[in-house]
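Asks: Have a look at this one before I ask anything.
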Amino acid sequence: MNLREASPPSEAPVIGCGPLMPPAPTQGRGLKQQVFDCVRAAGLIPRVDVARELSISPGSVTALTAELIEAGLIHETDAHRRDGDGSRGRPPVALGVRGGAGFVAGIKLSDHRHTAVIVDFAGNRLGDASIDSTSLQHNFDDIVDTAEAVLLKALENCGKDLKGIAAVGLGLPGFVDHETGMVPWSPVIRERNVPMRQAIAERIERPVAIDNDANMVTLAELWFGAGRSLPDFASVTIEHGVGMGLVLNHRLYRGSRGLGTELGHTKVQLDGALCRCGQRGCLEAYVADYALVREASTALNWGNRGMTAPHVMLESLYDHAKAGNDAARAIFHRAGRYLALGLANVVNVFDPSLILLSGERMRYDYLYAEEVLTEMSNLTLQTGRPLPKIEIHAWGDLLWAQGAAALALEFATGAAITAEAQTTS
């Protein structure tokens, strides 16, 4: 089993070094958009490499990049010579995204803290802000107020104006329909089937794109992190709930209804423990922090701690386990076995090259101890081939929001290129 703890993406990333799309330019997006995406993905890239990545002629790349430069979306810059390249003359020219072309915002709503980041078109962070949550659940109107408040605070912190935002990306836990902007269910909102995107867009009068928060983490890994050069990988998030984002052929997979890859709500026990979604036997009901706290309340006789914050109880449970308390250790061991079952199912169904375990709960090493990974190996198909690598990313809240910013960048740059193409046609 390949397990290593990797550093999360940097605080102010430069967009990465691998294609974000399949090589053939036939994915339903315009060729100019694909050229821009290729430049954006690489950070800096010569025209000849763009042509090679997209399997198009150098002449087409020259014409398309000239239009993107004219539109102010990309720029030319001197590329660094390769080691050992002693050639003289003018340095090679590379293309890069022009950060000053605009800026976007990303917002992450959660049960304990709401965060926002402002980034430019090159993905560089300009400012951020956070607001502590006052409750695990909020009324719909209140959560809209909170999203606006944390956004305005982030804008103030970097001296930007709301009207200058090209787009806003919003990530939150639960079932989120990316296409319609509806939220059928979220653990942080009391109501169901709420028009989240419409409400936020009307409030701030800016374009808004929304998605499940696990997809946001996966987008951040795809744009800024470990998944930049990988065609297929899965990102499993473990915090107050359990989520998963999946990249197939360099693209985020959402499913036909935009509600796919809900790993936390796959069933691991018929008529099992009650999940916060209302059903029974979900993986989340055995692995998420509220599940561990529920177990601890019984096993450690913590019934009188009803007013104690869950994260405080979870820290206490972990301290007891580290101190050798058998009941506490058994709770984490059981959760680890269920996690192994969930991860094995991911491997058996999707066969990703990499599985990223993300979120604050990854500080609890019982969830990825050697026996957990051995259990996962035992539950996967035995083909004689190595299993996917496992990496641990203990992400903080701001990096979740940065994934939401990646969604906004995708939306904003696509809109800018479409508008530029209509102007020149």
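FYI, it's all coordinate maths here, none of it is from the lab. Keep in mind the model is a prediction, meaning the values are calculated, not measured. Reconstructed Cβ throughout: ideal geometry from the backbone, glycine too, with neighbour counts over all protein chains shown.
Asks: Nearest 10 degrees is fine. How inclined is helix 140-158 to the longest principal axis of the chain, computing both from alpha carbons?
Replies: Result, in degrees: 50.
Asks: Starting with the fewest neighbours, write out 61, 176 ranked by other beta-carbon atoms found within 10 Å of each beta-carbon.
Replies: 61, 176
Asks: Report Rg/Rh for the range 238-298, rounded to two decimals, where Rg is the Cα radius of gyration and Rh the Kirkwood radius.
Replies: When Rh is taken as the Kirkwood radius, the ratio is 1.07.
Asks: So what is the relative contact order for the range 229-396, in percent, with contacts set as C-alpha pairs under 8 Å and at least six apart?
Replies: 22
Asks: Could you line up 32, 163, 322 from fewest to most neighbouring Cβ atoms inside 10 Å? Show your work: numbers first, answer last.
Replies: Details: 32 21, 163 8, 322 14.
Fewest-to-most Cβ neighbours within 10 Å comes out as 163, 322, 32.
Asks: Leaving out same-chain residues fewer than 8 places away, which lysines sit with a Cα under 19 Å from that of residue 153?
Replies: Once the sequence-local lysines are set aside, what remains near residue 153 is 108, 163.
Asks: Rank 78, 365, 177 by mean-square fluctuation in a GNM of the chain with C-alpha springs under 10 angstrom and give only the top-ranked residue.
Replies: 78
Asks: While we're on this one: Quick one: net charge around residue 178, please, counting Lys, Arg +1 and Asp, Glu -1 for every other residue with C-beta under 15 Å from its C-beta. Please list the in-between numbers first.
Replies: Working: positive: 197, 251, 254, 257; negative: 177, 179, 211, 213, 262, 410.
Net charge in that neighbourhood comes out at -2.
Asks: Kindly work out what percent of the DSSP beta bridges joining two residues of the range 229-396 are antiparallel, to the nearest 5. It would help to have the intermediate numbers written out before the result.
Replies: Working: 11 of 20 bridges.
In the range 229-396, DSSP labels about 55 percent of beta bridges as antiparallel.
Asks: Right, next: Can you report the principal axis dimensions of the chain using only the alpha carbons, biggest first, rounded to whole angstrom?
Replies: Cα extents, longest axis first: 73, 54, 37 Å.
Asks: In nm, give the distance between the simple-model label positions of residue 322 and residue 371, each being 7 Å from the Cα along the Cα-to-Cβ direction.
Replies: Inter-label distance under the simple model: 1.9 nm.
Asks: With a Cα-only, solvent-free Debye model of the range 366-411, what are the log10 I(q)/I(0) values at q = 0.18, 0.21, 0.24, 0.32 Å⁻¹?
Replies: So the normalised log intensities are -0.72, -0.78, -0.86, -1.18.
Asks: Something else: If you line up the long axis of helix 31-42 against the longest principal axis of the chain, both from Cα atoms, how many degrees apart are they, to the nearest 10?
Replies: 60
Asks: Take peptides 151-158, 309-316 and line them up by average Cβ neighbours within 10 Å, highest first, as a rough protection proxy.
Replies: Numbers: 151-158: 18.2, 309-316: 15.9.
Going by the mean number of other Cβ atoms within 10 Å, highest first, we get 151-158, 309-316.
Asks: Given an 8 Å cut-off on Cα distances and at least 6 residues of separation, report the relative contact order of the chain as a percent.
Replies: 19
Asks: Tell me the mean residue ellipticity at 222 nm calculated for the chain from its helices only (DSSP H runs of n ≥ 4, each -39500 (n - 2.57), averaged over every residue, nearest 500).
Replies: Helices in the chain give a 222 nm mean residue ellipticity of -12500 deg cm²/dmol.
Asks: Sequence-distant or interchain residues sharing an amide H contact under 5 Å with residue 194, placed H: which?
Replies: 183
Asks: Further question on the same structure: In terms of the ratio Rg/(2.2 N^0.38 Å) built on C-alpha atoms, what value belongs to the range 229-396?
Replies: The range 229-396 yields a ratio of 1.05.
Asks: Between beta-carbons, use under 9 Å as the cut-off and find the net charge around residue 355, counting Lys and Arg +1, Asp and Glu -1.
Replies: Residues near residue 355 contribute 0 overall.
Asks: How much of the DSSP bridge set in the chain is antiparallel, in percent, rounded to the nearest 5?
Replies: Roughly 60 percent of the beta bridges in the chain run antiparallel, per DSSP.
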